[in-house]
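Structure first, then comments.
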Amino acid sequence: MSHAPVPIDRQTRVAALKSQFPKTLIGLPDVEIALSWAISSDRIDAAQLSYEIEASADSNFTSVLAATGVVDSPKQVSVRTPKLVAYSREIRYYRVKIQTEYGWTDWSESLTVEFGLLDASDYLAVFIGDSSPKFSPSPILRKEVILSNAPTKARLYVTSLGLNHFYINGIDTSNTFLNPGWTAYRHRLLVETHDVTHLLHEGVNALGAEISDGWWRGKLGFMNESALYGNEIGLFAQLEVAYSDGSSETFSTDTDWVSSNAEIVFSSIYDGSTIDFRNAKPGWKQPGFDASDWQNTSIVACNKHILAPRSTNPVRKVGEFALKVEPQADRSLLRGTQNISGWVRLVVDGKAGQTVVVRHAEVLEPGDKLHTKALRSAKATDTYILQTDGRHVLEPRFTFHGFQHADVVTEAEIVSAVAVAISSDNDRRSWFESSDYHLNRLHENVVWSQLDNFVSVPTDCPQRDERLGWTGDAQAFASTSNTLFNTNAFWNSWLQDLALEQFENGDVTAIVPDIFKTGEGQAIDGWIMEGRAGWADAATIIPLSLYEYFADEQVLSAQLESMRKWVGALLTRRGNEKFLPTQFQFGDWCDPDAPGDRPWEAKVSADYVANSFFAHSLDLLARAERLVGEKTAAESFESLSRALKADIWHQMGEAARLTTAGCSIALEFDIAPAEQRTALAQHLADMVKNDEGMITTGFLATPLVLHALSKNGHADAAYAMLMRRDFRSWLYAIDKGATSIWERWDAIREDGSIHTGAMDTEPDGQDDSSMISFNHYAYGAVVDWIYRNVAGIAPSLDGPGYQTAVIEPKPANGLTFAKAEIKSALGKWAIDWKLDPDQKLIVNLDVPFGAKAEVQLPAQGHSVVRCNGVEIGSSLTLTYGKYLLTVTDAAVITY
Ligand code: BGC
């Protein structure tokens, strides 16, 4: 008896199937694959009732490895796949189909997942180098290999101690930069996998690479140190080739490779690169090159246990901006329009032997001179020496600069100049626009500060001799970064390093990767960087933010131990006392009223801040325990937190009330008791209004203030801060021409002068270190508030990853429209609202399939609210569909 075929619902299909890893990345680590899919359907009332997932060893799904069978669940995001033990080099295919009330869909297109080398024993190659000391010309390394046939499949596994560019037959195998990126090198060095099948052919093929000091051996940190990870740089490459007859061959870096130097005579991340084209060795990357006078290479020792497959996007070019060339007496100014991380691509017409020197800066001093003081010891200078007469395209190697403008000293003629922006290539997920130019530019500036500071590691700034993964800045900005880009894999990778760098007692370091630690894992004398409030709490704050914005449960499981260790360290430090001992804290860093040379001396007490972050970390750990850990542990952390909060408020509440930072922390971290919240919020709003919206907080509290206000009925005060254009505000910087977010509110003062950045003023009046950056993302954290409140779309813990979104636009006077799009795993959310002159609010809302919108519209008593023409109340729940919502006589916030 044959079954009647189940009809397929062709009006519904699984449209975008993805894993937690970037789509183009191959060579993944052995992590359980979680799938998310979007559904497109013409059926507006359809809902997913069940799904089925298959994993197969072939793309036709003839060798199915595992299948879920029918699972009755509406879940579409971060869905766990059947457990499979991955093996090195495995290629696996996944597909999904779903059932709605209308039947099953067809199978989705398949998603290919390729694993990397998963075991230290898979790494057959050795690291090779040329034994040259630090700051030497970049070694170039080569070897020819003979292939018996054109390969059917070829993979290159490559990494380096230092940075590398790898070429096959003259072609760059990756078109990525700063490879393999910066990680906690003492524990974890990333191996990149490239599909190089198309680059190889039968016969002789040339393998070549350039390597450079990079983070491994170059200058790093503001203490002018170098060679922090080792004295030698080296290349590791393993080329695995398969032929159609089933045979295979592996070609590895070994001492048969030979080395020399070419045009890169110097390269440093901070200082720039010097390229002397007279030393170029044309053809060295090609087969047939005569390398008979090259030297032998030698083995560079490295424990292969630190090798780990790359799990996040590499650094790529992400944008270009034309620079205006303005000839001046002794140089040419290259005037830029956007502060970026990257370099200048210069086209010159010149003569052999001429030198071209390019310097970089974020801002110009009077007289259009580059302001380079802010770079501290970073030279940020690229130098080229031409080999031949004629036209040349010049780009530096193995470096990047944080800059908007540049100048060039040369006798050659400048034909054109372009600023090339680089970043870890995370996909953009959100867009925002409103009727207010300043707000739009602020949003754009935050996008750029994120791009500029997500260069392999989340850095404080991209220009001076720092560019370090400060954990405090990272936690402050994490939610905004997760709003704007698909940063999940990026943060997951960095959090692994955070855990690896954690001290044995659980203390989290202030920068990740940690260069304030000796090779033996001890803190460098005199620097108490670990375990500082608001910095170390990145360990708890960022994983929970990833859960909220991406529905990533795996990160909670992966980081649970690290979170427990950090909270354990706090509990130990407190001992039997009520509070943490008073110690140095960064505190509400860079409070604008703190003494210029002591940015840690904020108005709000550091003890209050430290204990409040302690309570907050207890809460976050409890939430993680409830989701993926132990319920009893969750309960005990919750009760510890409750008691601590009561003690904090009892003893320190009075003083905390005196500052906006103190009130905001009390409201956002739930320190103040429930019955006092209303009065406290009113008091905070009064303070803000008295200050006419002027910002009075630093790195830790600024991201909290607007939320503390708007969640407690004072969106007007929040708007007063957001929309302020006078000094000490977000928009002040826009009027001063900012194209990125500044480290200090007064980086450019009202009279146009540039902040000296004074930190330690010596008795002779000379300041020996300055701290002034025009590209620090921390204060950009306000963008999270803008999406949630101005556009009116927020993720919800009821359905994390925008499975459920809270739709609550808050129109304010002066704004006539706002709109936002957010690409979630379920598909695109879109909201736009406009306000008619007669106060009628018109909202268009697109809810993706499978998602839920909890809508709250700004109605007044007599307003009429309609959804697609039908009169309704102002609170409603909407599912998949496109909606037109209107509110007559809408409540408009005046500030
Ligand atoms: C960095 C900050 C960082 C701070 C902590 C500064 O030098 O640029 O962003 O968080 O130090 O001390």
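Values computed for the structure shown
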item: Filter pass, R532 being basic (K, R), closer than 30 Å to F432 by Cα and either modelled with pLDDT of 95 or more or more than 10 Å from the ligand (Cβ to nearest atom) (or both); result: no
item: Residue match in the stretch 552-571 (condition: within 16 Å of the ligand (Cβ to nearest atom) and not in a helix (DSSP H, G or I)); result: no
item: Any hit, the stretch 635-647, residues being charged (D, E, K, R), free of Cβ contacts under 8 Å to residues at least 24 places away in the same chain and touching a Leu at 6+ places or on another chain (Cβ under 8 Å); result: yes
item: Lone qualifier among S244, S248 - being among the hydroxyl-bearing types (S, T, Y) and in contact (Cβ under 8 Å) with a residue 12 or more places away in the chain; result: S244
item: Members of the stretch 365-400 found to be part of a strand (DSSP E or B) and among the β-branched types (V, I, T), listed by number; result: T381, T383, I385, V393
item: Qualifying strands (runs of 3 or more DSSP E) (wholly inside the stretch 1-91; at least 3 residues being surrounded by fewer than 17 Cβ atoms within 10 Å (Cβ to Cβ)); result: 64-67
item: So E210, is it touching a His at 6+ places or on another chain (Cβ under 7 Å) and either farther than 30 Å from Q387 by Cβ or modelled with pLDDT of 95 or more (or both); result: yes
item: Conditions (1) surrounded by fewer than 20 Cβ atoms within 10 Å (Cβ to Cβ); (2) closer than 30 Å to L161 by Cβ; (3) in contact with a strand residue (DSSP E or B) (Cβ under 8 Å, 6 or more places away or on another chain); number of the one not met by S110; result: (2)
item: Contacts under 9 angstrom Cβ, first residue in the stretch 575-594 being assigned to a loop (DSSP other than H, G, I, E, B) and of a type in the set (V, I, T), partner modelled with pLDDT of 95 or more and within 16 Å of the ligand (Cβ to nearest atom), 6 or more apart; result: T582/A606; T582/A610
item: Any chance L826 is in contact (Cβ under 8 Å) with a residue 24 or more places away in the chain, over 25 Å from F485 (Cβ atoms) and not charged (D, E, K, R); result: no
item: Number of positions in the stretch 292-314 that are in contact (Cβ under 8 Å) with a residue 40 or more places away in the chain and under 22 Å from D130 (Cβ atoms); result: 12
item: One residue from A615, A633 being under 30 Å from the mean Cα position of the chain (by Cα), part of a helix (DSSP H, G or I) and either under 30 Å from A551 (Cα atoms) or modelled with pLDDT of 95 or more (or both); result: A615
item: Some residue of the stretch 521-538 being in a helix (DSSP H, G or I) and within 24 Å of G342 (Cα to Cα); result: no
item: Single condition E202 does not satisfy, out of (1) at pLDDT 95 or above; (2) closer than 20 Å to P137 by Cα; (3) in contact with a strand residue (DSSP E or B) (Cβ under 7 Å, 6 or more places away or on another chain); result: (2)
item: Residues that are β-branched (V, I, T) and within 23 Å of R429 (Cβ to Cβ), drawn from the stretch 813-848; result: I822, I831, V843, V847
item: When residues of the stretch 762-803 are limited to those that are within 16 Å of the ligand (Cβ to nearest atom) and surrounded by fewer than 20 Cβ atoms within 10 Å (Cβ to Cβ), the one modelled with the highest pLDDT; result: S770
item: Among residues of the stretch 243-272, those that are surrounded by fewer than 16 Cβ atoms within 10 Å (Cβ to Cβ) and not acidic (D, E), counted; result: 6
item: Residue match in the stretch 787-804 (condition: out of contact with any helix residue (DSSP H, G or I) (no Cβ under 7 Å at 6 or more places or on another chain), aliphatic (A, V, I, L, M) and in a strand (DSSP E or B)); result: no
item: Qualifying residue in the stretch 375-382 (condition: more than 30 Å from A825 (Cα to Cα), within 16 Å of the ligand (Cβ to nearest atom), modelled with pLDDT under 95 and among the polar types (S, T, N, Q)); result: yes
item: Scan of the stretch 281-338 for residues that are in contact with a helix residue (DSSP H, G or I) (Cβ under 7 Å, 6 or more places away or on another chain) and charged (D, E, K, R), ordered by number; result: K304
item: Subset of the stretch 584-614 [more than 15 Å from the ligand (Cβ to nearest atom), under 25 Å from K565 (Cβ atoms) and surrounded by fewer than 24 Cβ atoms within 10 Å (Cβ to Cβ)]; result: D607
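Matching residues to (1) away from the ligand (no atom under 16 Å from the Cβ); (2) of a type in the set (D, E, K, R):
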position: R188; (1), (2): yes, yes
position: E192; (1), (2): yes, yes
position: H198; (1), (2): yes, no
position: N205; (1), (2): yes, no
position: W215; (1), (2): yes, no
position: G221; (1), (2): no, no
position: A227; (1), (2): yes, no
position: E232; (1), (2): yes, yes
position: E240; (1), (2): yes, yes
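Here's the yes/no breakdown for (1) of a type in the set (V, I, T); (2) touching a residue at least 12 places away in the same chain (Cβ under 8 Å); (3) out of contact with any Pro (no Cβ under 8 Å at 6 or more places or on another chain):
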| site | (1), (2), (3) |
| --- | --- |
| A805 | no, yes, no |
| K819 | no, yes, yes |
| L845 | no, yes, yes |
| A853 | no, yes, yes |
| A859 | no, yes, yes |
| L878 | no, yes, yes |
| I893 | yes, yes, no |
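The values are calculated or read from the model by the stated rules, or taken from the named source; none is laboratory data. None of these values were measured; they are calculated from a predicted model. Cβ atoms come from the backbone with ideal geometry, glycine included; neighbour counts cover every protein chain shown.
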